[in-house]
Amino acid sequence: MALADATNVVATDAPIATATKTMSQASEVPNAPNPEKLVAALDDVASFDAAKRDAAAAKLDAASAKDAPGLCIALLRVASDDAHGSARRLAAGTFARNLLRKAFWTPEKDGASFPDAYRAAVRVAALDALCVAPDGPSRALIAECLRLAGAVPASAIGGSSQFTDITSSSSEDPRADLALDVCERLAKRGSFAAAKHESSFVLSPGFLLATHAAARPFQYFRDAAKAREAAPEALETLCVKVIAPHVVPMCGCDDARVRRAALKVVFRVVRAYMPDALRGEVLRSIVASISRSTLILRARSYEGTASEEDWIAAKRALRLAKALVTRHASMLDSSAFLAIVGACVGAAGVEDPTADAADAAVAEAFACLESVLAATREPKPTSDAAWAGLTDLASVSGVGSPVGALKDLILECVVPHANLRKIDEERLAEDPEEYARVNAVGDVAIVDVIEEALADGGGSGSGVTARNAALEFVQALVTTVGPAVSPGAEPPAKKHKKDTKKDTKRDGEDGDGKAPSPTPGESALKDVVDAILAEAPKEKIEKVGKSAAAAGAVATYAAPAAEASLGASKYFGLFQLAASLASAQAQRGRGAKDGAMRLFCQRHAFPAAAATDSPHVAAAAAKFIADALVVGPRTSSAAPLLREGVAALIAAIEREWDLKGSNDDDTNDDDGREIDEEGVAAVKDIASWAAKSVLEDAPAASEAFGTLAVGAVDAACERLLALVESSPAHSTPALRVLGAMAGAASGAMTPTAAAGRIERIVAAFAPFAPSTDEEDDSIEGNDSSIDVPLDAWEASVDACAALVEAANAWDAPEGASEGAVDEAREGEMAAAAAAAAHVAAYWRAAESLEPSDDEDEEDEDTAGDGDETDGRYDRYAPPPAHAAVASLLRAAAEVLASSRVTDKKTANSARLAANVPRVCAEWARHLPAWRRQGEAGLVDDACLDDLRDIVAAVSTAGTAGDDAVAAIAGFGAATAAAVLEDSDDEPTRRAAAGALAACVSAPGFPGWSHVPGVPTFPLRFNLLRVALDNAEGATTGRRSARAALHLLAAVAASSGFAGDASFAQEWLRVRCECAGVAGWTVTGVDGALLGAHVASLHAALVALVAPGAPQPDKQVFGAALDEAVRAAATLLASPEDGCDEDDDDEEDEDDSDGEDDSDDEATINDGLENETEEEFLERYAAIARDMADGTADDELNDDDDEGCDEEDSAYQVAFEATRGDGSRDAMAFAAWFETWRAGDTRGVRVSSVVDGAAAKALAKAAAR
């Protein structure tokens, strides 16, 4: 019998040996379409004539609107009838599936709908059709139809709460109908088949798929919050009548296609529940079927006849086993655990499988073994049963201890996957990039894992290779303690007690107590590693003294003799196992002894990475160095080992390999020496990522490459720069390590040294950068046929960014001479200027290597000929976004800002002033296009923070001129405003608000006009409206509200209200609400931040009292005026003003010019009496907020206060750079206030709305 597994929507067209006569169909539905017309329409749907297809589709849509149930049943009959051709059946099945998908549970407006009375008929028709469908493609489509008709969404029964509240009764369970239909069909068809002496109906592929569709809705609990839930009544019925008597026996049959489908049905059932019908003997039968599935696989693998279906069936069996262990471990005894462990070992122990599905199955086997390890942490007796299942292999091997049993398990199923395999050699030869990805370490490995997890169907076994799964399992094995009393977990013999005590003192990082005892898994893996090492000859260690190593001396390595003794495959596996052991030991606080780790590295890892014959061993050794040193302790002896490890990895990058075809000695096909240029690049990439991981993540990296090891840093940088200069096209690995070295040596690398290294990078790449001359974009250089790839350019930018940061982080030592300080300042400027110019060269190179489409270029050239707002600029193609560019330019701009403190003008300062503003403006010009690219454009919170800092720094420098600052600010404002309109991420929105505030406050900001020099790019945003919308949406917390409040101030202070009193009134209302949420007061605030708020309130007040403006709301106007007066007085106050406070308090100044204040109380009462409902609710909402603020959780308030302080500080820095110290804003307001107060106040009594002392202080300060 042939079976198409439609449970995975896998369609295999194959004949079936079962009867295909149509069973009694579902109840007839009125208004069913004419069969002849339906067949004609289906044929036209498959026609090559577009007009016919459209007309036929329209007819079918009309028929579905008239009678969707009748049409659907008719289509299902055609799809399951072998009298019709394959094309017609597929067309019918496809249209039926689409109709059910869009309208079965949710009626279309003026379209198809399925009344409740006919849904059962459609479901039964789909079940009947699936049971008799003649081929795999038809079954796949009809199975999907049955799933859609049988799976009731929560929305169709009144929401998820109703779905979770129903009982397990079949009459109330929306999942029950299809399950009961399947049981009924089996009963009817089974008796019919017996009467006709036909083959068993249950063996038909369609019925097995129907059973899967019925079981699938039960794979999750109705209430996701529950850990356990009784099996629903309908599921119990399905198991009693169908699954237990018919499906479970299929799980162990010889036909892999039937076996895989049956196993998946059972998996769906037990994934959440354990029905009573599947317990006891049935559960033992399921476990036996799991074991049998892997036994069949193993036997056929030895015979060389294992198929893809066998591997998939084994994977399904192991996934079912993992579900049983994870969800129902308490129902398994030691024999069941032993059978499951044996099944896992059987699948994982197949040597070098070649099937495409093998990696996924092996990964599933190790995942199941990990679940058994997790079960050893369950309460007794489950933990004892699981441990017995893992260690009972001892009885087979005769070892007689858990350690021996676990050692056998490691040797049988882990070591074969840890060793070098044929697939590794093929991958390096055929797909070096994939080889580098699979063997990556550090950040790149984490990124790859995340991308694989998010990708749909990416990679083998969802991105998990068999080796990775094996090594993850063995690490879990090492960290699993097992039972409290275990012979294998006892300490070593007494003669080693002294050593154990010494090791314990060294292993405990915090010194609190002894390190934990070794687990049986650790002892087993250590025995395996030691046994492999015992087979290898002892290597001679090339030693370099500590002082010489710190000064830059490095060892010279020879190929280790162990490779020839053990063979490349086993030597490769040794590094994989040793890395897992080191990582797992560190995880338990049992780091390897310093001496043992140093000996292993010096004898094996370092020489293998630098000089081994096999590229696979070199890659494995590099990966081991990273994994082992990153988890090493932060001890005094760790720094020399780190320096030696990085030196060995640099040697691996420096090494020249014998390329494929250049070595005449090809007698040994297994030595791994044949490697092409791409393979060399992959191995060097792995070494560079390993070195980067050590430099960035090792605890002792700062000591190893700090001020006491400047010689080692200089020597390493010299080696790396020599590689860059010799071949920029192949310099990516060296540049990657150089950037990481700059980060590790931050604070120890002088600005002069950093600048020199940047200039050497720039000089190496300069011949390959296109000319800046627009008439000649050719590549200049000695050999124009060699292009530097884009990844090398990107790595050079990364390295330059790290070196600029290192230069800025250096502090002159105490007592340094003025000449040394000047030299450092020159180095900072030289580094920043060269790095900024290199960014521009990188963009030109990127355009040369990956030119934009001609259409984009034409649009850009002709954009000025049309309407400036027609969006043509949106088609502009920017260079590729690169994360390091923003941080590099921010650091360079900060150097430019700091350079203004000296009057000494040098060549470096001139280069800095010329390069940085120009490149920053070009970067800002690309921001809008990068933002439209989404995540690929990298316009995130970090980028927007850098934009804010760049605008502030360039504004502070003052050397670029207002036009250059405005060019940066214009594009930056457009980008930040667009982010505020599009993004829902709070950190990104806060960063965008800060960037926009800095941009609109920048000198020469163009406002609503065009950016100078780029007339085709107008600012299309009403920035005041953007700020208002942002403030109204900033209700998630005080910090977001504080950022929104400052943005409101910045935009209003920059643009004003153009006399629009209604807009000013709305702005004041939103500002008041936002200030309440943010907890903002002028108390304790000073400087530029307070000045921006004064200027914004000044602009609003001017608009409210402008000639022709309507009478403002006195309450709103008075509050704004009072706050502005108090803030301006604070800004203009001098220290000696404090002594007159008492006198000011005693004096009452009449500011009303003879007006009668006797009706103040009456006015207030009248205001309350005439208060609208909205005003009443707003007033009491403010009172409620104040009360809530007083009773909020102290810890939360502290966090909010800290976040608000960070926002205030960031805006203070930005405004101080762009707006000054705030005194100018305060003086402008004070002058207006005195003029307005002396003139027509339009009935506003100043003394009733403004604090008299503040008004007097403002007048006094302004008079000075």
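For this structure, a couple of remarks:
- Being modelled with pLDDT under 75, within 24 Å of Ser637 (Cβ to Cβ) and in a helix (DSSP H, G or I) is a property that Ala549 has.
- Helices (runs of 4 or more DSSP H) wholly inside segment 129-238 containing at least 3 residues that are at pLDDT 75 or above: 136-150, 176-196, 205-215, 233-238
- Selection of segment 324-346 for residues being without any contact (Cβ under 8 Å) to a residue 60 or more places away in the chain, crowded, with 21+ Cβ neighbours inside 10 Å, under 33 Å from the mean Cα position of the chain (by Cα) and more than 17 Å from Glu281 (Cα to Cα) yields an empty set.
- Where helices (runs of 4 or more DSSP H) fall wholly inside segment 853-950, the ranges with 2 or more residues that are in contact with a Gly (Cβ under 8 Å, 6 or more places away or on another chain), in the same structural domain as Val965 (by TED's automatic domain parsing) and modelled with pLDDT of 90 or more are 907-932.
- Ala117 being in contact (Cβ under 8 Å) with a residue 60 or more places away in the chain, surrounded by fewer than 21 Cβ atoms within 10 Å (Cβ to Cβ) and either assigned to a loop (DSSP other than H, G, I, E, B) or over 43 Å from the mean Cα position of the chain (by Cα) (or both): no
- The residue of segment 1081-1104 that is modelled with the lowest pLDDT, among those that are surrounded by fewer than 23 Cβ atoms within 10 Å (Cβ to Cβ) and either in a loop (DSSP other than H, G, I, E, B) or polar (S, T, N, Q) (or both), is Gly1084.
Residue by residue, here is whether (1) under 13 Å from Val270 (Cα atoms); (2) modelled with pLDDT of 95 or more; (3) of a type in the set (Val, Ile, Thr); (4) touching a Pro at 6+ places or on another chain (Cβ under 8 Å) holds:
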residue	(1), (2), (3), (4)
Arg298	no, no, no, no
Glu303	no, no, no, no
Ala306	no, no, no, yes
Glu309	no, no, no, no
Ala323	yes, no, no, no
Thr326	yes, no, yes, no
Ala329	yes, no, no, no
Leu332	no, no, no, no
Val345	no, no, yes, no
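- Number of positions in segment 1114-1127 that are touching a Lys or Arg at 6+ places or on another chain (Cβ under 9 Å) and either acidic (Asp, Glu) or surrounded by 22 or more Cβ atoms within 10 Å (Cβ to Cβ) (or both): 1
- Number of residues in segment 31-71 that are of a type in the set (S, T, N, Q) and either farther than 23 Å from Tyr118 by Cβ or modelled with pLDDT of 90 or more (or both) equals 1.
- Selection within segment 955-999 - assigned to a helix (DSSP H, G or I), under 22 Å from the mean Cα position of the chain (by Cα) and crowded, with 18+ Cβ neighbours inside 10 Å: Val979, Leu980, Thr988, Arg989, Arg990, Ala991, Ala992
- Per this entry, Lys109 is not counted among residues that are in a helix (DSSP H, G or I) and among the basic types (Lys, Arg).
Here is a yes/no grid of residues against (1) modelled with pLDDT of 90 or more; (2) within 22 Å of Val919 (Cβ to Cβ); (3) acidic (Asp, Glu):
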{"site": "Ala953", "(1), (2), (3)": "yes, yes, no"}
{"site": "Gly961", "(1), (2), (3)": "no, yes, no"}
{"site": "Gly970", "(1), (2), (3)": "no, yes, no"}
{"site": "Pro987", "(1), (2), (3)": "yes, no, no"}
{"site": "Cys999", "(1), (2), (3)": "yes, yes, no"}
{"site": "Val1014", "(1), (2), (3)": "no, yes, no"}
{"site": "Pro1018", "(1), (2), (3)": "no, no, no"}
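- Residue count for segment 728-751, restricted to those that are more than 28 Å from the chain's Cα centre (by Cα) and among the hydrophobic types (A, V, I, L, M, F, W, C): 4
- Meets criteria (buried (at least 24 other Cβ atoms within 10 Å of the Cβ) and part of a loop (DSSP other than H, G, I, E, B)) for Val362: no
- Pick from segment 695-710, criterion within 22 Å of Thr752 (Cα to Cα) and surrounded by fewer than 22 Cβ atoms within 10 Å (Cβ to Cβ), ranking: nearest to the chain's Cα centre (by Cα): Ser702
The values are calculated or read from the model by the stated rules, or taken from the named source; none is laboratory data. Not measured: the values here are computed from a predicted model. Quick reminder, even Gly has a Cβ in these numbers, built from the backbone with ideal geometry, and neighbours come from all protein chains shown.
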